[in-house]
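Everything on this sheet refers to the single structure shown next.
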Amino acid sequence: MDLRTDPQSYAQSLGQAARQVSYRLAGLDDGAKSAMLRKIAVAIRDRSKALQEANSKDIVAAEDASLPRP
């Protein structure tokens, strides 16, 4: 399943995966949740340039596909 060929199924699979992870995270203690959030924050900061570049490409692709702006 690919975003470009089947965006609805792709989005649905992401949502299902997020729901499954949320159930697992709910069982963690506060310290483990905080540690995980800190690691996520570091990963986002470390990859911010790549994330911004990927987002720019996504915006161009959406415009090329004549998708409406959110």
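Could you give the length gained by full extension between Ile44 and Ala62, i.e. 0.36 nm per residue of separation minus their alpha carbon distance, to one decimal place?
Extending this stretch completely gives an extra 4.2 nm.
Round to the nearest 10 and give me the degree value, 0 to 90, for the angle of helix 30-46's Cα axis relative to the longest principal axis of the chain.
That works out to roughly 40 degrees.
Using the Cα centre as the reference, give the magnitude of the dipole from point charges on the C-beta atoms of the chain (Lys, Arg: +1; Asp, Glu: -1; all else neutral), rounded to the nearest 20 debye.
300 debye
Whole-Å semi-axes of the chain's equivalent ellipsoid, largest first, each the root of 5 times a Cα gyration tensor eigenvalue?
Details: eigenvalues 172, 70, 13 Å².
Here the semi-axes work out to 29, 19, 8 Å.
Report the accessible area of Lys49, computed with a 1.4 Å probe over the heavy atoms of all protein chains in place, in Å² rounded to the nearest 10.
That residue has around 140 Å² of solvent-accessible surface.
The values are calculated or read from the model by the stated rules, or taken from the named source; none is laboratory data. Computed from a predicted structure; not experimentally measured. Using ideal geometry, Cβ is built from the backbone for each residue, glycine included, and neighbour counts are taken over all protein chains shown. With ligands, DNA and RNA removed, areas are computed over all heavy atoms of the protein, side chains included. Shrake-Rupley method; radii C 1.70, N 1.55, O 1.52, S 1.80 Å.
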